[in-house]
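**Student:** Before I ask anything, here is the structure I am working with.
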Amino acid sequence: MSLPNDDLMAYMEDLERRHDEPVLLDMEEKARAGDFPIVGRVCGVILELLARAVGARRVFELGSGFGYSAYWFARAVGFDGRVHCSDGDAANAERAREYLGAAGLLDRVTFHVGDALEAFAAVEGDFDVVYCDVDKGGYPDCWRAARERIRPGGLWLCDNTLWSGRVTEAEPDAETAAIDAHNRLVAADARYLSVILPARDGVLAALRLGG
């Protein structure tokens, strides 16, 4: 199941054609050809919009793939901002460097190859935005690690939080149960105001109010 349906997603994507930059089109084609998961055009614009809305200058990505989501965050943070990318595959990091370099955004990005949470722990300070797109079983631990390190007025963003509708299943598998646990942990935290935006596979956005 696609959320929203395929026709509506195609319509929404068509509205974002002004972003048809060669590098972005190349990343999208590589993702299609290799069946590589990316957030897609509409969710990418959502990420940039939300990051810009909170004046983000410091972003950490827990799980970066080959740099598609980082492309949107790097646009948002500006020339004086910093996006930290993390991925366990050095080949992904190298492809991300190539893509972001071609887009003129590489000087805003720092790469960490290895475990995402270990990389996150090694970088000091709080963040304006922390974005999560790791293996789904790791979602609750990522939230626990990040929730204290997002500044008041900052955002926790997480992809695939509707998981093709499987989060409503009565007997979910382990990955789905972990996503559901994550969603409920975020929703129950009174320091954050959160909602799942039902674009593509669901983007959870949580604004830290304080505390």
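Residues are listed down the side, and each one gets a yes or a no for (1) outside any helix (DSSP H, G or I); (2) in contact with a strand residue (DSSP E or B) (Cβ under 9 Å, 6 or more places away or on another chain); (3) of a type in the set (Lys, Arg); (4) open to solvent by 40 Å² or more (accessible area, probe 1.4 Å):
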position: 69; (1), (2), (3), (4): no, yes, no, no
position: 80; (1), (2), (3), (4): yes, no, no, yes
position: 119; (1), (2), (3), (4): no, yes, no, no
position: 152; (1), (2), (3), (4): yes, yes, no, yes
position: 155; (1), (2), (3), (4): yes, yes, no, no
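**Student:** Still on this model: Can you name every residue in the range 85-102 that is open to solvent by 20 Å² or more (accessible area, probe 1.4 Å) and not acidic (Asp, Glu)?
**Tutor:** Taking the range 85-102 first, the residues open to solvent by 20 Å² or more (accessible area, probe 1.4 Å) are 87-91, 94-95, 97-99, 101-102.
Across the range 85-102, the qualifying residues are 88, 90, 91, 95, 97, 99, 101, 102.
**Student:** Being in contact (Cβ under 8 Å) with a residue 12 or more places away in the chain and over 25 Å from residue 12 (Cβ atoms) narrows it down to one residue among 202, 154, 165; which is it?
**Tutor:** Details: 202 fails: over 25 Å from residue 12 (Cβ atoms); 165 fails: over 25 Å from residue 12 (Cβ atoms).
Sole residue among the options that is in contact (Cβ under 8 Å) with a residue 12 or more places away in the chain and over 25 Å from residue 12 (Cβ atoms): 154.
**Student:** Return the only residue of 102, 96 being touching a strand residue (DSSP E or B) at 6+ places or on another chain (Cβ under 9 Å) and among the aliphatic types (A, V, I, L, M).
**Tutor:** 96
**Student:** If you scan the range 37-67, which residues turn out to be buried (at least 19 other Cβ atoms within 10 Å of the Cβ) and closer than 16 Å to residue 151 by Cα?
**Tutor:** Result: 50, 51, 56, 59, 60, 61.
The values are calculated or read from the model by the stated rules, or taken from the named source; none is laboratory data. Because the structure is predicted, anything quoted here is derived from the model rather than measured. Positions of Cβ are backbone-derived with ideal geometry, glycine not excepted, and every protein chain shown enters the neighbour counts. These area figures cover heavy atoms from the full protein model, side chains too; ligands, DNA and RNA do not enter into them. Shrake-Rupley method; radii C 1.70, N 1.55, O 1.52, S 1.80 Å.
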